[in-house]
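*Asks:* Pasting a structure here, questions to come.
Only the coordinates and a few stated rules stand behind these numbers; no lab work does. As the structure is a computational prediction, the values presented were derived from the model and not from experiment. Every residue, glycine as well, gets a Cβ built from its backbone with ideal geometry; the counts of neighbours run over all protein chains shown.
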Amino acid sequence: MTPLAATADRQSLWSATAGVLKRRVEIARWVAFTFSILGALLAAIASQLNDPARMYFAIAGAALLAVVSFVKSRLLGGGQITNWARARTASEALKREGYKYAASVTPYDDPLKRDAALNSERERIERDVDDLLASAVWSAKGGSAPRAMLSRDEYVAGRVREQIDRFYLPRANANKKIGVSLRWVEFSLALAATIITATVGVAGKQLFGIKFDFVAFTAVLTTIAGSVLAHLEATRCDFLLMMYRATARRLSAQLSDIGDVNALSPEKWSDFVNRCETTISDENTSWAAKWTKA
């Protein structure tokens, strides 16, 4: 097996591993978000009922909130998010070196030394995630790192344009939609709580002839609104939107400045590829730092 194919195989492994770890974190986050809302609602309803119904609703609410505590401590804590970020970082680092090798740029521009250089760099990258091997997942998809040498046009199309058009811009738009939707939900809940509070202040607890403690209900709405904001912060939609768009802009600028890549000298070609890979690497570094910070 060639060093490039071996690197692609290892990139595929860490990409699949990061995907599995990400799905676990996302499921845990949505469970915590949903169960915290349901638990608060059941607790509010229980406060308005008589036994034995009150006891059943109270127990159900307490059980859901207990699940939330477990999920946050065991599935969203204990390094789970950090492991996901580390697996993705390893995958992206291997992909980066694979593309630099396939494009024949520094430090892989010497045919006599590049195989040893790639093998050494692959070993260095994977050494940092040896402790995650127990969680590693093999994938039959083959990953996204190159397995054969690339022409200059193939590198630009398959790496740079691909990152801009099929990753950064679509991901930025997706995070914008999520952020806008969550903000509208939070605004609607806060508005509803304000209106109910103002109305109850005039009409008393019996609103529209309904015997229910709406003051308690507004507290629940406020709690849910807080949960929505916490979920929005946990998904980091604003940060990802900004980061993806900024990286797409930087890569587009690199393409605009360089002109015809086939007219570049080997030195300028190496500089161009390494600048593009540094731009992509900076995005990954910022992403990992944001997700792993306390």
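*Asks:* Could you tell me the center-to-center distance, by alpha carbons, between the range 63-98 and the range 133-165 in angstrom?
*Replies:* Cα centroid to Cα centroid, the span is 23 Å.
*Asks:* Once you have the Cα-Cα distance between SER69 and ALA253, take 0.36 nm times their residue separation minus that, and quote the gain in nm to one decimal. Before the final figure, lay out the partial values.
*Replies:* Values: separation 184, 0.36 × 184 = 66.24 nm, distance 4.61 nm.
So the extension gain works out to 61.6 nm.
*Asks:* On to the next question. Based on the Cβ-Cβ distance from ARG275 to LEU133, what FRET efficiency comes out when R0 is 22 Å, to the nearest 0.05?
*Replies:* Numbers: r = 33 Å, r/R0 = 1.50.
For R0 = 22 Å, the calculated efficiency reads 0.10.
*Asks:* Suppose every K and R has +1 on its Cβ and every D and E has -1 on its Cβ; what is the size of the dipole of the range 105-190 about the Cα centre, in Debye to the nearest 20?
*Replies:* 480 debye
*Asks:* Apply the Karplus curve 6.51 cos²θ - 1.76 cosθ + 1.60, θ = phi - 60°, to the phi angles in the range 90-107 and return the couplings in whole Hz, x for Gly and Pro.
*Replies:* Per-residue couplings from phi come out as 5, 4, 5, 5, 5, 4, 4, 5, x, 5, 5, 5, 5, 8, 6, 10, 4, x Hz.
*Asks:* I've got another one for you. Based on the mean of other beta carbon atoms within 10 Å per residue, what is the order of 170-182, 150-162, most packed first?
*Replies:* Values: 170-182: 15.4, 150-162: 17.2.
For the peptides 170-182, 150-162, the packing ranking is 150-162, 170-182.
*Asks:* Continuing with this model, one more query. Mind jotting down the three principal axis lengths of the range 1-149 based on Cα atoms? Whole angstrom, largest first.
*Replies:* 82, 23, 23
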